[in-house]
Amino acid sequence: MELTGLTEPIVVTDCDLTGSSFSGAAMSETRFEDAKMLAAGFDHVDLSDAVFAQSRLARSRFANLDMADVRIENVTLANATIRNANLSGVSISDCDTAGMRINGYLVSDLIAAHRKNP
């Protein structure tokens, strides 16, 4: 089924939309709840001011993104890898950094060295 030129809100409940495609669609203030979006692709999508809560993003890939002014709270990033990122001005607080490395150096060692020689 193809919907073109639709300009009114729709409600989709208990449906299987596997393989669907949304292109050129304005979906501001759209709500996705209890949705399975395994292997979904988001390309050239503006998700500014979006809220992701109680969601699973395991094994997801984030590339070529502008995440300026993003807030990340109460998340698990265990075994995550961040490469070629601009982290200027990033603040990390109240976090478990056990085993965390920056450019191969254990953060706990860096903090201990700093405390020893401020």
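Taking only region 100-118 into account, find how many residues are under 22 Å from the mean Cα position of the chain (by Cα) and either part of a loop (DSSP other than H, G, I, E, B) or of a type in the set (D, E) (or both).
Count: 1.
Each row is one residue, and each column tells you yes or no for (1) exposed (fewer than 10 other Cβ atoms within 10 Å of the Cβ); (2) under 30 Å from S88 (Cα atoms); (3) not hydrophobic (A, V, I, L, M, F, W, C).
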position	(1), (2), (3)
L6	yes, no, no
T13	yes, no, yes
T30	no, no, yes
A39	yes, no, no
F52	no, yes, no
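None of the figures in this text is laboratory data; all of them are computed from the coordinates on show. Just so it is clear, the structure is predicted and the values come from calculations on it, not from any experiment. Cβ: placed from backbone, ideal geometry, glycine included. Neighbour counts: every protein chain shown.
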